[in-house]
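Take a look at the structure set out below.
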Amino acid sequence: MSKQLDLLDIQGNVVRAYGRYNFPFARYVFLNIRDAKRGRAFVGAVTEEVTTGVRWDDGPNPIKKPPSTVNIGFAYQGLKELEVPRASLIGFPMEFVMGMKKRKDILGDDGPSAPQHWDPIWRDNRETDRHKDVHIWISINGQSHLDVQRRYEWLQQLVHHSAGGVAILTGHRGDNNTEHLPFQDVHAVFENGKPTSKEHFGYTDGIGDPVFEGLPGKPERVVGRGKQMRDGKWSPLATGEFILGHRDEADEYPTAPSPQLLSRNGTFMVYRKLHENVGSFNALLDRAGASFPGGRELLAAKFVGRWRDNGAPLVSAPDAKSKAEWDEKFAQANQAERDRMLSGFTYDDDMQGAKCPFSSHMRRINPRASLESTPGAFNTPGALANRRRVIRRGLPYGEVKDTTRDDGNHGIVIMMLNASIQRQFEFVQQQWINYGNDFNASNDKEIILGNHCPMQQSKAVIEADPDSDAPPFFLTNIPRLVETRGGDYFFIPSMTALRMIAQGIVDPT
């Protein structure tokens, strides 16, 4: 991790998961640009308050942690409306230009996840009225709901002062079937008045985000979160897998628009609002858990690859006895050791999937080195997975008011950061979540996020120990547990690029 990044030039949400820094509340606001010149002035005003990646409360002259943070990104059409030169616009990758809605077939957004079922802000944009098109994303994270509200009121004032240059878009769904909210509120799931790292299915979330070169933090964080080396050690991933203008795992620079000052230290963000069918999830657990060896809670762990209560990985705690031993050790460990226990594992002793199934969420999202069928075939054991990693951000939204029902306003807003939307997010979504061939699982989908269709009787195999006489367990008739409710692709510029865009001085020549 000797490589140093210019954290003052990189937006804070790229290098920091705010939820881990006591920001359990957030609000996502989307705007439409009505006038290019006034729109650029608005961007300039926001840029003055954008939170960078510089570390808080660190060094001889520490920067105090703010009560709220601000970050900004742009859809392709937003950059076009701000009059970024065409010579720069044509350098953006095609998937970003097209946007998420037009990539629905690749992403498996069909059936109840199809765009016609999305929130109005995503469902009705662009095709019907350019004034409904999402151009700008602004994220406000706060240490309290009041901190978020105060920052939102500041944003409203900037919109007002733009004199019609920009407008906040409505169309977010809320409670009681409302569809015209002007923002998407999210917040941590609270238990006994305290924020947790849970999501609405009950799993501990936000574990194991990738560590890459130049990322601030303690060196030991790389264990299990970087890339696995031949000698068993771990190294940070290449910066260019996540941030433009830096070399990636292929020792190349990721595709990016010109000039370099526009793209360097920026990244691409995938914003997806996902509704969680809690009733169907619990019904599936009850139905299948009644006959699953080990019971309902172990089966829930098999769905994801981690136990729900504290995130213990199945490869380290594959049954109730080993889980109890793991829990005792975890309770006595310091934070560094806990991080290692949660992330510092491999699938080397579970190549048959007997502990962590091949259709589990964790194994599909990050297979680590388990896809290397011929030992020594690549420079690093996880070469086939190292180029598919994504940084995850976001928080749950809504509250589950009836655990037996699927309707309601609850789920998670997930934001994934990567240097290549197509090579990273879209590949994982299409090939590893909605298709199982790379895992020798034929058409079996990932259990939690797969676009399961009742007409095709979706199934998954829960593998058994090959050294035992126990047969595999077949999980059948899997309902769609997660439904897409909208989203799009955004470019998250560096601070340098933000100032260039605001001043209208992007020069690709």
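A few points about this structure:
- Checked against the criterion of being surrounded by 14 or more Cβ atoms within 10 Å (Cβ to Cβ) and part of a strand (DSSP E or B), region 204-211 has at least one qualifying residue.
- Residue count for region 309-333, restricted to those that are surrounded by fewer than 17 Cβ atoms within 10 Å (Cβ to Cβ) and of a type in the set (Lys, Arg): 2
- Test: residue in region 152-174 that is under 25 Å from Val15 (Cα atoms), assigned to a loop (DSSP other than H, G, I, E, B), touching a residue at least 24 places away in the same chain (Cβ under 8 Å) and among the basic types (Lys, Arg): no
- Region 362-375 - residue that is part of a loop (DSSP other than H, G, I, E, B) and touching a residue at least 60 places away in the same chain (Cβ under 8 Å) and, of those, farthest from Trp326 (Cα to Cα): Leu371
- Answer residue from region 313-336, given it is touching a residue at least 12 places away in the same chain (Cβ under 8 Å) and either small (Gly, Ala, Ser) or touching a Gly at 6+ places or on another chain (Cβ under 7 Å) (or both) and is farthest from Ala354 (Cα to Cα) among those: Ala336
- Scanning region 70-82 turns up no residue that is over 22 Å from Thr267 (Cα atoms), crowded, with 16+ Cβ neighbours inside 10 Å, assigned by TED's automatic domain parsing to the domain that holds Leu261 and small (Gly, Ala, Ser).
- Qualifying residue in region 491-499 (condition: more than 25 Å from the chain's Cα centre (by Cα), under 30 Å from Glu49 (Cβ atoms) and either free of Cβ contacts under 8 Å to residues at least 40 places away in the same chain or in a strand (DSSP E or B) (or both)): no
- Selection status of Val148, at pLDDT 95 or above, among the β-branched types (Val, Ile, Thr), more than 21 Å from Tyr21 (Cα to Cα) and assigned to a helix (DSSP H, G or I): no
- Top-ranked residue of region 231-246 - restricted to ones that are out of contact with any strand residue (DSSP E or B) (no Cβ under 9 Å at 6 or more places or on another chain) and over 21 Å from Pro508 (Cα atoms), ranked as surrounded by the most Cβ atoms within 10 Å (Cβ to Cβ): Lys233
- Test: residue in region 267-288 that is part of a loop (DSSP other than H, G, I, E, B), over 16 Å from Glu446 (Cα atoms) and not aliphatic (A, V, I, L, M): no
- Residue in region 347-361 that is surrounded by fewer than 18 Cβ atoms within 10 Å (Cβ to Cβ), of a type in the set (S, T, N, Q) and assigned to a loop (DSSP other than H, G, I, E, B) present: yes
- Residue check for Ser442: over 29 Å from Gly266 (Cα atoms), among the small types (Gly, Ala, Ser) and part of a loop (DSSP other than H, G, I, E, B): yes
- Residues located in region 212-237, provided they are of a type in the set (D, E, K, R) and not in a helix (DSSP H, G or I): Glu213, Lys218, Arg225, Lys227, Arg230, Asp231, Lys233
The values are calculated or read from the model by the stated rules, or taken from the named source; none is laboratory data. Since we're looking at a predicted model, the values are computed, not measured. Cβ sites come from the backbone with ideal geometry, for glycine too, and all protein chains shown count toward neighbours.
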